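The values are calculated or read from the model by the stated rules, or taken from the named source; none is laboratory data. For clarity, every value in this text was computed on a predicted model and none was experimentally measured. Please note: Cβ atoms are built from the backbone with ideal geometry, for glycine as well, and neighbour counts cover all protein chains shown.
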2 protein chains.
Amino acid sequence: MTSPTPHGHPPESRARHPHEHARSVAEHAAAVATLLQPLRAPGRTETLPLSRALGRGLAADVAAPVSLPPFANSQMDGYAVHSGDIPDGGADLETMPPVAAGSKPSVLEPGTAAPIMTGAVIPAGADAVVPIERAVPDHFLEPGRGGTVRLPATGPGTYVRSAGSDIAAGELALATGTCLGPAQLGLLAALGLAEVPVYRAPTVLLVTTGDEVVEPGRPLPPGKIYDSNGTLLEAAMMQAGLTVRRAGISTDNPDELRGLLRSEGQGADLIVTTGGVSKGAYEVVRQAMVDQPVDFLHVAMQPGGPQGLGTFDDVPFLGFPGNPVSCLVSFEMFLRPALSGLLGAPAARLPLRARLAHPLTSPGHKHQVRRGSLQPGGTVRLEGGESSHLMHALAGSNVLVHVPAGVTELDAGDQVEVWML
Amino acid sequence: MTSPTPHGHPPESRARHPHEHARSVAEHAAAVATLLQPLRAPGRTETLPLSRALGRGLAADVAAPVSLPPFANSQMDGYAVHSGDIPDGGADLETMPPVAAGSKPSVLEPGTAAPIMTGAVIPAGADAVVPIERAVPDHFLEPGRGGTVRLPATGPGTYVRSAGSDIAAGELALATGTCLGPAQLGLLAALGLAEVPVYRAPTVLLVTTGDEVVEPGRPLPPGKIYDSNGTLLEAAMMQAGLTVRRAGISTDNPDELRGLLRSEGQGADLIVTTGGVSKGAYEVVRQAMVDQPVDFLHVAMQPGGPQGLGTFDDVPFLGFPGNPVSCLVSFEMFLRPALSGLLGAPAARLPLRARLAHPLTSPGHKHQVRRGSLQPGGTVRLEGGESSHLMHALAGSNVLVHVPAGVTELDAGDQVEVWML
């Protein structure tokens, strides 16, 4: 709209805001973590069956209730033997009934060999396994007929997985705050646990704002753009294990935004808005929060500098900027790490080192976050420029490239830290 | 069980199997991809709203229906000007009504400046934006009163995002087979698309086998172990976007396994079993598949060598080995890459280079897959030994470490390829 004072707020309103100041990336990250601290309150855990706990953070230390393996067992299909029975030149041993996995074997008589299958209990009296491939004959004899097998000498413990060699009963299996992926859930199952205590998934109310923003699928009037922030952040949040409630798009009318937050925000653990936090004349989020304890500030970061943080009607609130790349960078730099640190989920991004394929420049007083594609050889190509509106370039990227504050120029071949998306 | 001939199949049955041979990792990967080719049949696509398409593979090329940005717009809050109006020393320009994002501005008269907000349409007649911070005064004047603002000289195009600078209408936005993550879905939204054609999620019937295997949560009799394969693979498959149907645990009775596959397999796109594919005496999966076109073979890989591949009652079938680490390695080496290649989803693992923290040895004739934890500095620590039963070590790993066939020794500091889990 071209009205000079939309919704009764003069353009100068920004100059009168009492909470304006600048912050480093680390300071803002710490503030977001503090804001979200209640997500780790004692009442915010639940116990889930393993198949529903994927991607959640473990809410208590888990000690191993059993050893893994629970008993000494064979690593190979072969013959269980007492190693002392076979001299260096090998020996012919009488064969016993075979030992299947899951069965309880008899004691191995001296001077005999028991066919044993992978995973089967090592019989008392045996201390090693000779693989079937090294036996003569190299296949199992027909059972019931008896017979002898020629076996080479073998050291005690060979091809035996001893009880507790992976983890002993009572040891810490997984620590509080571990993100539960397939391997961690598999370990809990191996330990016999069918359920696991995890942190509850936070519910986020997500609202995009702007008179210029139109829902995808509708006609696009002149001067308008489609809302990509809602889809982008909803997907990023879902991937991070959050429960996302979309409240659609608010216009630049602060009363409408306040009404939307109050009607849709019931029970939300966090409100995230996009847009309306900058220094323009019509900053709907700033205007809607005027009576709430919310700071609007600049983080020394590019893109994603303008940020809002506080509470709206006591619900934790984060105001991300309006450009899609700024939104994703805000999510990856602040919200995702805070959740990882508090709840163990989603898993933190692993910082990797890569070599720049091109030179770059960066404003020295800001932490610059570029988008790039990490190549198998370990170089990273920058995708698109510094600008925060380049969605197509973002969609061709697989990493965020960090250029810390204080760095103004980097050459091709210089090392940078990247985070895989 | 200790019965020498469980379920009527003598231990020698393996020796009579007609389909035994060895394969390289690449050959088996190609065979799995061929087996799963029907998943990309034309009828196997669906059109989903963006919010339900996360993690799916794009089933058609998408050309941009609009340009991004759709119109030239301001990159900053500031003043839209005609750059030729301001000489090197700056100029005092009369201010016009402000241009908000989403509004349709009037033509900019020569010698004037229009307050303009980030994202707003650049008025006809203007060709540059001066950020508010560089204006005197450095805040917007109260609208309606008029007045002048002093602005420095600026080059044409400064802080203007030109129409189509991210992508032009008609250009390829995303190619068939792109995995749809947050950024890709955000791009589709920015292009105004509310729905997207994707490949259907395959349904997998997952069965673990073995007389020795007990469901987690139940008592553990002597000689038995808990089933971790089911949980591990279900989670890995869910993470990869598959629909997983768990059919529980089959005993070592091949008739029971066949019955389970027939009763639970209706409509499945793929059957995956674990265990019973090796050279032991009681290999239930081999026995159950005796009348089916299934190959049992050894892949030159450690762990995960014994593999089954074919069809069971015309449903594609993969038989993974019985140890959990072997299962995960089989999934990551064969099933996941085949799905990535055919359907674009899940995303392929990006091969990274890392330096070994320790020396290692490897059987020269096999591709060895070790588990490791990649450190931020780019070194990789091996977690656990070569053995495939080490679930606790696997749960402490974040990468698979590849030691190709032909390599028998590596030193600390040597480079290896790793795949992040």
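The figures follow:
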| read-out | value |
| --- | --- |
| B:ALA101 vs. criteria outside the structural domain of B:VAL284 (by TED's automatic domain parsing), out of contact with any Pro (no Cβ under 9 Å at 6 or more places or on another chain), among the small types (Gly, Ala, Ser) and surrounded by 24 or more Cβ atoms within 10 Å (Cβ to Cβ) | yes |
| Selection from the range A:99-115 of residues that are within 17 Å of A:ILE86 (Cα to Cα) and hydrophobic (A, V, I, L, M, F, W, C) | A:LEU108, A:ALA113, A:ALA114 |
| Matching option when the condition is of a type in the set (Asp, Glu), within 14 Å of another protein chain (Cβ to nearest Cβ) and part of a loop (DSSP other than H, G, I, E, B), among A:ASP88, A:ASP138 | A:ASP138 |
| Sole exception among (1) away from every other protein chain (no Cβ under 11 Å); (2) over 28 Å from B:GLN239 (Cα atoms) for A:ASP61, by number | (2) |
| Residue under evaluation A:GLY119, criteria (1) on the phi > 0 side of the Ramachandran plot; (2) loosely packed, with under 15 Cβ neighbours inside 10 Å; (3) of a type outside the set (S, T, N, Q), criterion not met | (2) |
| Selection from the range A:159-175 of residues that are surrounded by fewer than 17 Cβ atoms within 10 Å (Cβ to Cβ) and either within 8 Å of another protein chain (Cβ to nearest Cβ) or closer than 22 Å to B:ARG371 by Cα (or both) | A:SER162, A:ALA168, A:GLU171, A:LEU172, A:ALA175 |
| Yes/no for B:LEU39 being away from chain A (no Cβ under 13 Å) and surrounded by 21 or more Cβ atoms within 10 Å (Cβ to Cβ) | no |
| Tally of residues being in contact (Cβ under 8 Å) with a residue 24 or more places away in the chain, out of contact with any Gly (no Cβ under 9 Å at 6 or more places or on another chain) and not hydrophobic (A, V, I, L, M, F, W, C) across the range A:222-246 | 2 |
| Pairs where the first residue, in the range A:354-379, is assigned by TED's automatic domain parsing to the domain that holds A:ASP411 and the second is crowded, with 21+ Cβ neighbours inside 10 Å and of a type in the set (Lys, Arg), C-beta under 8 Å, 6+ apart | A:LEU360/A:ARG370 |
| Candidates B:ALA113, B:ALA101, B:ALA124, B:ALA163 - the one that is touching a Phe, Trp or Tyr at 6+ places or on another chain (Cβ under 6 Å) and part of a loop (DSSP other than H, G, I, E, B) | B:ALA163 |
| Entirely in the range B:188-251, the strands (runs of 3 or more DSSP E) that have 1 or more residues that are facing another protein chain (nearest Cβ under 8 Å) | B:195-199, B:243-250 |
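Yes/no matrix, rows are residues, columns are (1) in a strand (DSSP E or B); (2) buried (at least 18 other Cβ atoms within 10 Å of the Cβ); (3) modelled with pLDDT under 95:
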residue	(1), (2), (3)
A:LEU309	yes, yes, no
A:PRO316	yes, yes, no
A:VAL329	no, yes, no
A:LEU335	no, yes, no
A:SER340	no, yes, no
A:HIS358	no, no, yes
A:HIS365	no, no, yes
A:GLN368	yes, yes, no
A:ARG371	yes, yes, no
